[in-house]
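What follows is calculated from the coordinates using simple rules that are stated; it is not laboratory data. Because the structure is predicted, anything quoted here is derived from the model rather than measured. In this analysis, Cβ positions are derived from the backbone assuming ideal geometry, glycine residues included, and neighbour counts consider all displayed protein chains.
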Amino acid sequence: MCHSLINKYNVSGPRYTSYPTVPYWDRETFSLKAWKQSLLKGFETSNEEQGLSLYIHLPFCESLCTFCGCNKRITKNHSVEIPYLKTLLKELDLYVALFKEKPIIKELHLGGGTPTFYSPENLKMLLEGLFRRVYKAENYEFSFEGHPNNTTLEHLEVLASFGFTRVSYGVQDYNDTVQNAIHRVQSVDTVIRATQEARASGYTSVGHDIIFGLPFQTQDHVKKTVDLTKSIRPDRIAFYSYAHVPWLKGNGQRGFKDQDLPSGEEKRAQYELGKKMLLEAGYLEIGMDHFALPNDSLSIALQKKTLHRNFMGYTHSKTQVMIGLGASSISDSWFGFAQNEKGVEAYQDLVSRGIIPVFRGHILSENDLIIRKHILNLMCTMKTSWKLREDYFEEIAEVLINLQETEKDGLITIFSDGLEVTEKGRPFIRNICMAFDLRLLRNKPETQLFSMTM
């Protein structure tokens, strides 16, 4: 890839799991009352037809991985499990009480933190309580994030008994120097064992997360990691760019020096190498940073044009409403967003007092909804159109001016009523989406809010 393009477009920018992005939410007009109204509106138009998505954040980890940007609490004290899980169920009760009928859950994801920090018995307690409060949709998909070092066969079997069929293992990198730098040491044999046990337990989609741009990482490291990943042949691969945001995450991302990180050009070369190897191995490229085997539901959704993206990442079907439970979780009613208190104690305190524990959010305007649709189209299908009246917005002329340079550089093709990202432009999809993000462009931050796009 041309070095001049990398230098030109390697700027701070969002990953667009939402629009507007969290730093640009309008907190002044947001309220818990407005959020409840927004959620009821979304629920009434989606529950019976689509079902809902449910994300549960389990924040505890026994040790700190210094690459991680998630909201987590480091502890070896497992007595925290049951009080936290009971709070999750109380929070769910607060939502269920809002609705006229029992929620139907189409997608359920356990994230973290480390979900397998919790004992299988306690996860069983959580899920038994959960399914007393909600129905399962006919075509549900339940998934969780697993740490290969502590995901046991019993974990897998307990979750499978409740209908879980997908697991994503955090692998990151297989090289000793990199693993030690990010404090995430696990052997290839451990990952193979966890993958094989998942498949033996009935999981139909096993994913591996690997990262490029980590401290001390080289192209040789990436080649080794991708070679080993190919030999295990997970159904899905998330090939992420390391997001270096220590100003947001405190000491968690300060286990190494900035100069230990690959340059923007080296980082992009690592991605291009890994991508080439994965495509040659028969994986299909899905949106941004994701790959899947042709028979995986994510690849099928790409072909059927039903691919969707939300705070859980890419999913194979669209649900209009996503409820996030747990400290720091984000909910999406389609018409609004709301984020829970980040601190475990503050979160538990509000729930104990019967208060839905949100501390910030945003109610989308009509313009927000249209722009969100275009950004979703680009992230999922690499093209968008404003041919229909409901997809047109007055500022489209301003967006096209913003896109002039990307068109000159051959990253997009603009038509009279739409645009399409070229193959050359795929690595720059975040930059292309930024041209639609009028909130960001009109109110550029004085300090860096996002990771670098390259």
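See the values below:
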| item | result |
| --- | --- |
| Cα centre as origin, Lys/Arg/Asp/Glu Cβ charges: the chain dipole, Debye | 320 debye |
| Solution diffusion estimate, µm²/s, Stokes-Einstein, the range 45-150, Kirkwood Rh from C-alpha pairs, 37 °C, viscosity 0.692 mPa s | 221 µm²/s |
| Aspartates and glutamates with Cα under 13 Å of Lys224, excluding same-chain neighbours fewer than 8 positions away | Asp173, Asp176 |
| Residues in the range 333-350 that a label on Ala34 would reach, taking backbone N under 17 Å of a point 7 Å out along Cα→Cβ | 333-340 |
| Relative contact order %, the range 3-127, counting alpha carbon pairs below 8 Å whose residues are six or more apart | 33 percent |
| Approximate spin-label separation Arg193-Glu101, in nm, with each point projected 7 Å along Cα-to-Cβ | 4.7 nm |
| Listed residues Leu89, Asn71, Tyr118: farthest to the positive end of the dipole of the range 67-176 (Cβ charges) | Leu89 |
| Antiparallel content of DSSP bridges confined to the chain, in %, to 5 | 40 percent |
| Per-pair calculated FRET efficiency, R0 = 25 Å: Arg233 and Glu423 via Cβ, rounded to 0.05 | 0.50 |
| Greater than 32 Å apart at Cα, pairs in Lys230/Lys383; Lys124/Lys223; Lys304/Lys444; Lys36/Lys373; Lys33/Lys86 | Lys124/Lys223; Lys304/Lys444 |
| The range 277-399, relative contact order [Cα under 8 Å, separation at least 6], % | 16 percent |
| Net lengthening on full extension, Tyr392/Asp26 (0.36 nm per residue, minus Cα-Cα) | 129.5 nm |
| The range 1-108: trypsin sites (Lys or Arg not before Pro) falling in loop per DSSP and having at most 14 other Cβ within 10 Å | Arg27, Lys76, Lys100 |
| Distance from the range 159-216 to the range 305-335 (C-alpha centre basis), Å | 23 Å |
